[in-house]
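Enquirer: Please find one structure pasted underneath; my questions will follow.
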Amino acid sequence: RKGETGRLLLAVPAPRATDEDYAPLVVAMAVLGGGRSSRLHQRLVEDLRLCSRVSAEVTESVAPGVSAIAAEAMPGADPTSIERTVFEELFRLRTEPPSPMEIERARSLLMADWVFGHERIHQQAVLIATAETLFGAEYPAKHIRAVRRCSRDDLIKVAQRYLSPADGSVVGWSLPSRTDEA
């Protein structure tokens, strides 16, 4: 099974999409793992070279959902080091507020992803139908406004409330199988 790569998935509870904590949590997760300038990408991919990619996102759900951090390990990377680094960055987000530049970068990334994901007419139709069915027609505009106005204090509050793995999380690894070749 050569060529397999180790994969980490960390899941922590998240609020429903209509909760006031949802948009700030989305921004906090973008600070953590949204794009190449994110905290996790910089540490795990650029600095430590333990991973080839990392991401962080929050499910959009009518019920309480999940925030997930995913990482793909580089060949030979120590899973314990990757996991420890993810936990360190979660702790750092709870204790060190993101800089205004980090927050603005995260907002810009989220807005660009949202626009790109809804630029075609069928994507817009799905958005309208889904919003109306699950959250109410006003939900998309309300969510975008909430993302734009969330503050550093909002991010720290949601990070402390939702991004503490010790308060309830699931960590899963998919590791390449090792075979002893004689």
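The values are calculated or read from the model by the stated rules, or taken from the named source; none is laboratory data. Computed from a predicted structure; not experimentally measured. Heads up, the Cβs are rebuilt from the backbone with ideal geometry, glycines too, and the neighbour counts pull from every protein chain shown. When the accessible area is computed, the model is the full protein with side chains, heavy atoms only, and any ligands, DNA or RNA have been set aside. Shrake-Rupley method; radii C 1.70, N 1.55, O 1.52, S 1.80 Å.
Enquirer: Just to check your reading of the model, which residue among 37, 52, 108 is touching a Ser or Thr at 6+ places or on another chain (Cβ under 9 Å) and either modelled with pLDDT under 95 or more than 30 Å from residue 142 (Cβ to Cβ) (or both)?
Expert: None of the other options fit; the residue is 52.
Enquirer: Something else about it: Filter the stretch 155-182 down to residues that are at pLDDT 90 or above and in a loop (DSSP other than H, G, I, E, B) and give me whichever is most open to solvent (accessible area, probe 1.4 Å).
Expert: Top of the filtered list is 164.
Enquirer: A further question on this structure: If the Cβ limit is 8 Å and pairs must be 6+ apart or interchain, which residue in the stretch 155-170 that is under 26 Å from residue 101 (Cα atoms) pairs with which residue that is among the basic types (Lys, Arg)?
Expert: Partner pairs satisfying both residue conditions: 156/94; 159/94; 160/94; 163/94; 164/94.
Enquirer: Quick one: residue 54 ticks every box in (1) out of contact with any Leu (no Cβ under 8 Å at 6 or more places or on another chain); (2) without any contact (Cβ under 8 Å) to a residue 40 or more places away in the chain; (3) not basic (Lys, Arg) bar one, so which box is it?
Expert: Going through the list (1) out of contact with any Leu (no Cβ under 8 Å at 6 or more places or on another chain); (2) without any contact (Cβ under 8 Å) to a residue 40 or more places away in the chain; (3) not basic (Lys, Arg), residue 54 breaks only (1).
Enquirer: Then there is this: Collect the residues in the stretch 17-34 that are buried (at least 16 other Cβ atoms within 10 Å of the Cβ) and either of a type in the set (Gly, Ala, Ser) or outside any helix (DSSP H, G or I) (or both), keeping them in residue-number order.
Expert: Of everything in the stretch 17-34, those that are buried (at least 16 other Cβ atoms within 10 Å of the Cβ) and either of a type in the set (Gly, Ala, Ser) or outside any helix (DSSP H, G or I) (or both) turn out to be 17, 21, 23, 28, 30, 33, 34.
Enquirer: I would also like to ask the following. In the stretch 35-46, which residues are over 11 Å from the mean Cα position of the chain (by Cα), open to solvent by 30 Å² or more (accessible area, probe 1.4 Å) and of a type outside the set (Asp, Glu)?
Expert: Answer for the stretch 35-46, where residues must be over 11 Å from the mean Cα position of the chain (by Cα), open to solvent by 30 Å² or more (accessible area, probe 1.4 Å) and of a type outside the set (Asp, Glu): 36, 37, 42, 43.
Enquirer: Given the conditions (1) free of Cβ contacts under 8 Å to residues at least 12 places away in the same chain; (2) open to solvent by less than 20 Å² (accessible area, probe 1.4 Å), and given that residue 95 satisfies all but one, which numbered condition is not satisfied?
Expert: Only one criterion is unmet by residue 95, namely (2).
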